[in-house]
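FYI, it's all coordinate maths here, none of it is from the lab. Predicted model, so just to flag it, every value in this text is computed and none were measured. Here the Cβ positions follow ideal geometry from the backbone for every residue, glycine too, while neighbour counts run over all protein chains shown.
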Amino acid sequence: MEAAELWVGFVGAGRMAGGLVRGLLQAGKVPASNVLASAPSDKNLDAWRELGCRTTHCNLEVVHRSTLVFLATKPHVLPGVLEEIRPAVGSHHIVVSLVAGVTIQTLQRLLPPSTKVLRIMPNLPCVVQAGAMVFSRGSNAGDAESALLQNLLSSCGLCEEVPESYIDIHTGLSGSGVAYVYLFAEALAEGAVKMGMPGALASRIAAQTLLVRCGQDAAGDGGAPGQAEGGRLHARGYHDLRPAPAGEGSAPGHRHGCRGGGHQPGV
Ligand SMILES: NC(=O)c1ccc[n+]([C@@H]2O[C@H](COP(=O)([O-])OP(=O)(O)OC[C@H]3O[C@@H](n4cnc5c(N)ncnc54)[C@H](OP(=O)(O)O)[C@@H]3O)[C@@H](O)[C@H]2O)c1
C-alpha cells in the first residue's frame, strides 16, 4: 500500500503516539493530512494540529476514517475504548495496540473475531526516532500487515517481529532499560561534578559518551561482533573491540569468558 493511500488513526494522542507519528511524518511514510488522532481533551491534540494532522474528540471517527488504527491510551482506559469502537471495526482494519500489558488474546476477544490485530511495544526513545520496538501479530494478521507495520515503524527506530512472549521481556530490557541508562548518565556526570567540572558541561559530555547506537545490522545474526555498518556498535561491542591483553587488565565489568591474564577491575 502506498503511503499516500494509507489512512492512519490514533486513538489516544499522548507521548508515545506523538513520538510514533513524528517518526512517520519525518520519514515521509505517510502524509500528515492522512493522519487522524483522537483524545478527550485538546491538551495533546494541539501539537498534532501543528504537525498538520487532523484531530477529533471522537474515537469512532478515527476508526471510520482510518485503515490502520493505533490504540495508544493508558491500559486502564482501553477496555472502555474497545467497547466503544468495536461496532465500527471491520475486517479491512489493521488494529495495532501499543498498550502495555494487554495481550493479543484480550484484544482479539474484545474486538470482532475477524479483526487483524497486532501488538507493539515501543520505548521512549521512539520520540526521537531512536526507539527499540518489538511487535507480534494476532491470528488474523498476515505477512502483509506485519511487513506494513515494520516498514512504517522502522522510521522510529529498530523494529523487530517477535513471539508475543518476548514483549514483556522487551519491556524490561528496553522500556525500563532506558531509565537505567539515564541513571548511569547521571552518575557519570555527578562524578565529573565532584571532580570540579560544571554540571551542565558534565551532563552534555555524559550524554555524548552514551551515544552508542546498537543498530539493526549490528544486533542481527549477520552483524559482525563489535562493529557494524555505519560505525554502529553491538551491545557487547566493547568486549569485542577491546580484548584485554594479558597483564593490562580487562574492560570494566568484563566477567564473561575470562580465563586468567589481566585482573578484572572492581572484582
Ligand atoms: N510512555 C512510554 O514510555 C510507553 C512505552 C511503551 C508503551 N507505552 C504505552 O503507550 C500507551 C500510552 O502511553 P503514553 O505514555 O503515551 O500516555 P499518555 O501520554 O498519558 O497518553 C494517553 C492518551 O490517551 C488519551 N485518552 C485518555 N482517555 C481516552 C479515551 N477514552 N479515548 C481516547 N483517548 C483517550 C489521552 O488524552 P488527553 O490527551 O486528553 O490526555 C492521551 O492523549 C500506554 O498504554 C502505555 O502502556 C508507553
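Can you give the local net charge around THR56? Use residues other than it whose beta-carbon is closer than 12 angstrom to its beta-carbon, Lys and Arg +1, Asp and Glu -1.
Here the charged neighbours net out to +1.
For ALA32, what charge total do you get from the other residues with a beta carbon under 12 Å from its beta carbon, if Lys and Arg give +1 and Asp and Glu give -1? Write down the numbers at each step before the final one.
On the way: positive: ARG22, LYS29, ARG49, ARG54; negative: GLU50.
For residues surrounding ALA32, the net value is +3.
Could you pull out every one of the lysines with an alpha carbon less than 19 Å from that of LYS74, ignoring same-chain neighbours closer than 8 positions?
Answer for LYS74, where 19 Å is the Cα cut-off: LYS43, listed by chain and number.
What number comes out for the charge environment of ARG119, summing +1 per Lys or Arg and -1 per Asp or Glu over other residues with Cβ under 15 Å away? Could you put the intermediate results ahead of the total?
Numbers: positive: ARG109, LYS116, ARG137; negative: GLU145, GLU160, GLU161, GLU164, ASP168.
Taking every Cβ under 15 Å from that of ARG119, the sum is -2.
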